[in-house]
Each structure stands twice: as C-alpha cells, then as structure tokens.
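Please read the structure below before turning to the comments.
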Amino acid sequence: MKMHTDTYTRKPEWLKIKVPGGRNYSDLKSVLRRHKLHTVCAEARCPNTEECWDRKSATIMILGDTCTRSCRFCSVKTGRLGTVDLEEPGRVAAAVSEMGLKHVVLTSVDRDELPDGGAGIWAETVNRIREADSRITVEILIPDFNGVEKDLQTVFSAKPDILSHNLETAARLYRSIRPQADYEQSLNVLRMAKEAGLRTKTGIMVGLGEDAEDVIRIMEDARRNAVDIFTIGQYLQPTPKQTVVQRYVTPDEFDMYRAEGLKMGFLYVESGPLVRSSYHADAHVK
C-alpha cells in the first residue's frame, strides 16, 4: 500500500492541469449559481473545463448532489434524498439558453430510492431544453436505473442526440470498485439504447487495477453491443478516502487504445490522460 500511495503523490509530467479561469469561465459560473445548478466541470475540477466552455459545451448535474451508491472512485456523498426538485428541468433549460451553449451534457447521481430512479426528471429536462432552443444538441450520461426497462424507455423517449452510460472499469473489478453495479447490466443498457435508435457512448477510467488486456476486452464488449463512441481517461484519486491510483498510463498506451478502437469500428475514440466522459462531446454528434 505504501508503494501505491507514493505513486499517487508523484504525478507524471503529462498530468499537469491548467487551472481554469478567464472571463468566459466566470460568466458561465455566474449563470449556474443564479439558477442554483451544478456542473461536473466545476465540481470535479475537470482539467478540460476552460476548453469545453470556450466551445460552448458544458456538463450539468441534475437530481441533486447525493448518490444512493458508493463507488470507490467517486467523492460524491452517499445517502437518500427521497425528494426531487420539480422545478429543476425549467431552470436547467433557462440556464443552458442564457449561457448560449451549443451542446450540453446532462448527468446525475444514482437515485435508486425514487420509484422511477429519476427517469421522469431526465426526460423532462431534455424536453425543456429542446423547447427553449431546438438548436442545442443534448447528450445524456445516465445511471443504469437498475436495468428497469420501463424507466430506461422513459429516458430514451426524449431522444437525446447521444445516450451515454459508462462501464467505468473491467468486469473483474466491479465487486471492489462498483459494488452496487453490474457489468452485464450496463452493457444491456447500452444495447437497449441502440435498439431505441440512439447514438451510444461509453467510457472507462484506467489506473484502477486493470491491465491492457482488460481495456481491449471492454472495448470489444462495447462494440459487440454496437456502441458508437468510446472514451478512456486516467483515474485520479479525488480525496484520500477513495481507492488509490494503481498505475499511471503513458500517453503512448492511450494512443494505442485509440488506434485499436478505431480499428474495431468506433466512430470516435477519445483516449488520453486528461480525457473525461464529456471531452469533445460536441463533436460526437456529427
């Protein structure tokens, strides 16, 4: 364990992160505060925030800040809110329009305590954004809704431009990293989304204990389920409470994954140390 901790504290040169700033960044943060909304970009201190916001693309988190699950890589607090903010879809639509976004990614915590897992709010939020400005393209990065088909179909019916659901890591690591999730169930979510006629996307983090064979196997599983877009980025430990980084993947290895993924037939493969789920998301709708 000592070896892993030392490795974690000494990040390689290619993981240097530029702190976001500038007028555009400040203006967009002000709009989000006014509408009482959160972006994953800011909350997770994403290294690509300034680049994405300059491209008029942002990721907004809906359905609160408390998750019913406790994935070992995530610093979001665990609990059961039990209620939803029914006015949130309207506020999201207003903020997205006011920010002048061209593309928005919606994501959320897991809300397993809700009868529909939050599916109704998901669909309404997409619909309200479209009503506010039909030119805005919408990607949704959804939880698994426990595999409940009627809830998934509620979300699919909103017809987002991209339906994203992350596999996150290798199947063999789920018990230790994602104990309340199921790898095959996540693949099934992606398969059902494709059958509903949606462009699909998934992503993983490396550095959680997987090896190169695991990464290739995950990509092959995704392609077998007709996933269109694949993202791979380096896991970085958010706080000392989360699982430690097992290894830092080199840029050359990331390049190899991108080349292999394109050979498999993915439309887009975003693979790099600082890649996150919504990196270059606006380009993936084309």
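The values are calculated or read from the model by the stated rules, or taken from the named source; none is laboratory data. Predicted model only: the values in this text are computed from it and were never measured. Here the Cβ is made from the backbone with ideal geometry for all residues, glycine too, and neighbour counts use every protein chain on show.
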Residue check, residue 134 among the polar types (S, T, N, Q), modelled with pLDDT under 95 and either touching a Leu at 6+ places or on another chain (Cβ under 6 Å) or not in a helix (DSSP H, G or I) (or both):
yes
How about segment 166-191: which of its residues are within 15 Å of residue 227 (Cα to Cα), buried (at least 19 other Cβ atoms within 10 Å of the Cβ) and in contact (Cβ under 8 Å) with a residue 40 or more places away in the chain?
166, 167, 168, 186, 189
Of the residues in segment 220-245, those that are more than 25 Å from residue 72 (Cβ to Cβ) and touching a residue at least 40 places away in the same chain (Cβ under 8 Å) number 3
Condition met for residue 148 (of a type in the set (A, V, I, L, M, F, W, C), in contact with a Phe, Trp or Tyr (Cβ under 6 Å, 6 or more places away or on another chain), more than 20 Å from residue 57 (Cα to Cα) and free of Cβ contacts under 8 Å to residues at least 40 places away in the same chain):
no
Kindly indicate whether residue 58 is in a strand (DSSP E or B), of a type outside the set (Lys, Arg) and at pLDDT 65 or above.
yes
Which residue pairs have Cβ atoms under 9 Å apart, sit 6 or more places apart or on different chains, and have a first residue in segment 153-165 that is in contact (Cβ under 8 Å) with a residue 24 or more places away in the chain and a second that is assigned to a loop (DSSP other than H, G, I, E, B) and basic (Lys, Arg)?
160/199; 161/199; 162/199; 163/199
Scanning segment 137-157 residue by residue, those in a helix (DSSP H, G or I), surrounded by 17 or more Cβ atoms within 10 Å (Cβ to Cβ) and not charged (D, E, K, R) turn out to be 145, 152, 154, 155, 156
State the number of residues belonging to segment 67-121 that are outside any loop (DSSP other than H, G, I, E, B) and not aliphatic (A, V, I, L, M).
13
Determine if segment 210-218 includes at least one residue that is closer than 23 Å to residue 184 by Cα, in contact with a strand residue (DSSP E or B) (Cβ under 9 Å, 6 or more places away or on another chain), at pLDDT 95 or above and in a loop (DSSP other than H, G, I, E, B).
yes
Residue list for segment 109-120, filter: farther than 13 Å from residue 80 by Cβ and surrounded by 24 or more Cβ atoms within 10 Å (Cβ to Cβ):
119
Looking only at segment 62-84, which residues are touching a helix residue (DSSP H, G or I) at 6+ places or on another chain (Cβ under 8 Å) and over 26 Å from residue 169 (Cβ atoms)?
84
Subset of segment 240-259 [within 20 Å of residue 173 (Cα to Cα), surrounded by 12 or more Cβ atoms within 10 Å (Cβ to Cβ) and either charged (D, E, K, R) or in contact with a Pro (Cβ under 6 Å, 6 or more places away or on another chain) (or both)]
247, 248
Count of segment 246-286 residues which are in contact (Cβ under 8 Å) with a residue 24 or more places away in the chain, closer than 24 Å to residue 107 by Cα and assigned to a helix (DSSP H, G or I):
4
Where residues in segment 81-90 are at pLDDT 90 or above and over 17 Å from residue 158 (Cβ atoms), which of them is surrounded by the most Cβ atoms within 10 Å (Cβ to Cβ)?
85
Does residue 160 satisfy the condition of being crowded, with 20+ Cβ neighbours inside 10 Å, of a type outside the set (A, V, I, L, M, F, W, C) and outside any helix (DSSP H, G or I)?
yes
Of all residues in segment 220-232, which are of a type in the set (A, V, I, L, M, F, W, C) and crowded, with 23+ Cβ neighbours inside 10 Å?
222, 227, 229, 230, 232
